């Protein structure tokens, strides 16, 4: 795998020489890395290329809006021991490392991951990992463990297998979920030995991350197919990003493409308030309108839940525009269909069927 750092972007032709200083200044604050697969998708001649927007640093990242914060979703508040985030009663995050194959410019953990993080925090040592597993064992309410980071698929297959085996042996853990960008941005890593490492008597899910239909390359499709053919259910998360996918046609192509790969779109995230990311955020009402535009014309299999992670660690809430509005008369509602037409519910006086 070829990894491009900030200093490589000019030589690779991904940015003009006059932007080198801008990128260097951003790289002093936030980690920068692109894989060869991602670099190959970028059109350097297009200043608004949606792949470049996600991965190539921009001077806009040097500006911090008043509402932005270093820990936008409150991970630290819910971290009882290193490597564990226990925000919801029945599930925890397990973060064995804080390294990624690429560094998304909008990442909510951008101040924790990569070379900008303290060396002793990038990978959990043996003692810290044992303490994290002990915490899970000591809390029988934990039903699901979400292995994230960083990107856990950067771990060797041997270490992935060791995590699966350890969690598998904890009686009250029923579900093991891996969150990863690797199948999309570095698909060559999804080799048979990695797929075999995920095998378990417990339910193992993999959640991938893709934001634009151009990311669903033949190599990504092959990587995903290796996982699905092994019987591993796949879900996908996306982030609603200005200049990347804030268009109903783009979202439709992305979600249809994922479902055709046997990947269920799971969440569409409203961008978090990470520092230096204001240029990515669209208004919530614009996001609601985009999601509503997909209802009806696009299969329900292709519909993720549009969510906001409430700043400060209060958890995710759905943001979708409500289709049902109560009327002043108890038990009666106005319901909006996918085309924006409003209907009474229950129908008044035998409203005729649409057909």
- request: Report, for region 66-211, the % of DSSP beta bridges that are antiparallel, rounded to 5.
  value: 20 percent
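For the chain, what is the convex hull (Cα atoms) projected area averaged across all directions, in square nanometres? Numbers along the way, then the final one.
Details: hull surface 83.1 nm².
Mean projected area of the Cα convex hull: 20.8 nm².
Fully extended, how many nm does the chain gain between residue 299 and residue 143 (0.36 nm per residue separation, minus their Cα-Cα distance)?
Numbers: separation 156, 0.36 × 156 = 56.16 nm, distance 3.06 nm.
Full extension from residue 299 to residue 143 adds 53.1 nm.
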statement: Most exposed to least, judged by fewest other Cβ atoms within 10 Å, 302, 107 sort to 302, 107
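Taking 0.36 nm per residue of sequence separation and subtracting the Cα-Cα distance, how much length would be gained by fully extending the chain between residue 248 and residue 24, in nm to one decimal?
On the way: separation 224, 0.36 × 224 = 80.64 nm, distance 3.44 nm.
Net length gain for the segment: 77.2 nm.
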query: Can you work out the FRET efficiency for the pair residue 284 and residue 345, with r the C-beta to C-beta distance and R0 = 35 Å, to the nearest 0.05?
result: 0.85
- prompt: How compact and how long is region 244-355, expressed as Rg and Dmax of its alpha-carbon atoms in Å?
  reply: 16.9, 55
- request: Work out how much length residue 7 to residue 126 would gain on full extension: take 0.36 nm times their residue separation and subtract the Cα-Cα distance, in nm to one decimal.
  value: 39.5 nm
- request: Over the residues of region 61-206, compute the C-alpha Rg and express it relative to 2.2 N^0.38 Å.
  value: 1.05
- request: Could you check which residue among 81, 175, 335 shows the biggest mean-square fluctuation in a GNM of the chain with a 10 Å Cα cutoff?
  value: 335
field: Cut-off 20 Å, label 7 Å out along Cα→Cβ of residue 264, residues of region 204-229 by amide N
entry: 204-211, 224-229
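Computed over the Cα atoms of region 193-238, what is the convex hull's projected area averaged over all directions, in nm²? Before the final figure, lay out the partial values.
On the way: hull surface 13.4 nm².
Taking the Cα atoms of region 193-238, their convex hull projects to 3.3 nm² on average.
Among the DSSP beta bridges whose two residues both lie in the chain, what percent are antiparallel, rounded to the nearest 5?
Numbers: 17 of 46 bridges.
Percent antiparallel among DSSP bridges in the chain is about 35.
Here, each number is a calculation from the coordinates, and none is a lab measurement. What you see is a predicted model, and the numbers here were worked out from it, not measured in a lab. Please note: Cβ atoms are built from the backbone with ideal geometry, for glycine as well, and neighbour counts cover all protein chains shown.
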